[in-house]
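Novice: Dropping a structure here in structure tokens format, bear with me for questions.
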Amino acid sequence: MLAQALVPDRWRAALLAGLLAAAWRPPGGAYGLSSSPGAASPLLPARVRSALDLCYPRSAYGTRREVSYDAALAATDRFTPEGIPLAGDHMTYGEFDLTFFARLLRRAGPAPRDCFVDVGSGAGRLVLAAALLHPRTWRNCHGVELSAPLHDLAIAARYRFEENFGTGTGTGTGEAPGASAPGALAPRAWPPLEIAPCQYTLSDCMGGEEGLAALREADVAFSYAVTWAHGDAHDRLVRTLARELPDGARVISINLPLRNEVLAADPAEEDGAGTAGTGAGAGAGAGAGAGAGAGPGPGPGRAFGRFELLGREVGENRETGKDTVGLVYRLVR
């Protein structure tokens, strides 16, 4: 699954993995200890947290923010009179609390062979977290991201996991970045960790063919991006989810309710509208730009479902000092 998910230019991802590796500092020197803030939780095993810390080192957090910032500036259509690009909140980057994420996944109730999709997955951190938290449950964990630089970071982190924790069979290619020969196995730094299949797609989840196809496979979808809160982007996202997700799919939405009243609006208004911004959410707290294509209206026979609220969870956001609200819904057709 990893092999089919990689972009053709995988050596660029390998170079990014090398940069992450150079920036990483061992978390206390002993496996099972975490460099991330926060107390240990039974929902988030120490080995899982340590693996995520290694793949997304805190020492490289600033680099990930810069990548998001640069991607936002490259995608913006807003400029000062002097021609300086403006990214606004599209450049905001934050990394979601892992223990809170584990709580929200538990509330969504993943079942065997379910598929997890992060809508606007950014650097892919929560895709990897979901795959590690429920390795024998998911048939696939899928991140859809519009920003190529963030998409590349996600692939680089997945390579780094395989290099350090992979078995070389089943969960990945077994080929490490920078290996001396094609197919060569890297020495494993830690005992192997079970992980569900992971996939990363560079696409727009509201207008791209591959992004929409991912939504149609989703049993649990995750959405967290500051980008959605601007203009009518979130209303269009709600309509897209209600149109594309299968019956019974659960949606975890961070801070933004899924309002059924927007489904009564004429969907034809989406024709010609710009596509959605990227979310770095699942792995990051916001997007890094907006697409320029046109979002398709619903196809023949595609009726909107409606969202039923299953639960509400409140968690801590250490980056803002404020509470974060997770809303868990089920789509009913």
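The values are calculated or read from the model by the stated rules, or taken from the named source; none is laboratory data. For clarity, every value in this text was computed on a predicted model and none was experimentally measured. Note that each Cβ is placed from the backbone with ideal geometry, even for glycine, and that neighbours are counted across all protein chains shown. Quick note on the areas: whole protein, heavy atoms, side chains included, nothing else; ligands and nucleic acids left out. Shrake-Rupley method; radii C 1.70, N 1.55, O 1.52, S 1.80 Å.
Novice: Can you tell me which residue in the range 134-155 is most open to solvent (accessible area, probe 1.4 Å), limited to those that are β-branched (V, I, T) and either out of contact with any Ser or Thr (no Cβ under 6 Å at 6 or more places or on another chain) or modelled with pLDDT under 95 (or both)?
Specialist: Taking the candidates together, the pick is T137.
Novice: Which of the residues that make up the range 47-67 are open to solvent by 50 Å² or more (accessible area, probe 1.4 Å) and either over 20 Å from L104 (Cα atoms) or without any contact (Cβ under 8 Å) to a residue 24 or more places away in the chain (or both)?
Specialist: Of everything in the range 47-67, those that are open to solvent by 50 Å² or more (accessible area, probe 1.4 Å) and either over 20 Å from L104 (Cα atoms) or without any contact (Cβ under 8 Å) to a residue 24 or more places away in the chain (or both) turn out to be R58, T63, R65, E66.
Novice: Hey, another quick one. With respect to L245, is the statement that it is open to solvent by 10 Å² or more (accessible area, probe 1.4 Å), at pLDDT 75 or above and among the aliphatic types (A, V, I, L, M) true?
Specialist: So L245 does not fit the description; no.
Novice: Could you please give the count of residues in the range 39-87 that are under 21 Å from the mean Cα position of the chain (by Cα), modelled with pLDDT of 65 or more and either more than 22 Å from Y159 (Cα to Cα) or not in a loop (DSSP other than H, G, I, E, B) (or both)?
Specialist: Residues in the range 39-87 being under 21 Å from the mean Cα position of the chain (by Cα), modelled with pLDDT of 65 or more and either more than 22 Å from Y159 (Cα to Cα) or not in a loop (DSSP other than H, G, I, E, B) (or both): 28 in total.
Novice: Would you mind finding the one in R158, R250, R236, R188 that is open to solvent by 10 Å² or more (accessible area, probe 1.4 Å), at negative phi and modelled with pLDDT of 95 or more?
Specialist: Answer to the selection: R250.
Novice: Could you please give the count of residues in the range 212-259 that are of a type in the set (A, V, I, L, M, F, W, C) and in a helix (DSSP H, G or I)?
Specialist: Residues meeting the conditions: 12.
Novice: Still on this model: Specify the residue that is modelled with the lowest pLDDT; the eligible residues are those in the range 310-333 that are loosely packed, with under 13 Cβ neighbours inside 10 Å and over 30 Å from Y56 (Cβ atoms).
Specialist: If we take residues in the range 310-333 being loosely packed, with under 13 Cβ neighbours inside 10 Å and over 30 Å from Y56 (Cβ atoms), then R333 is modelled with the lowest pLDDT.
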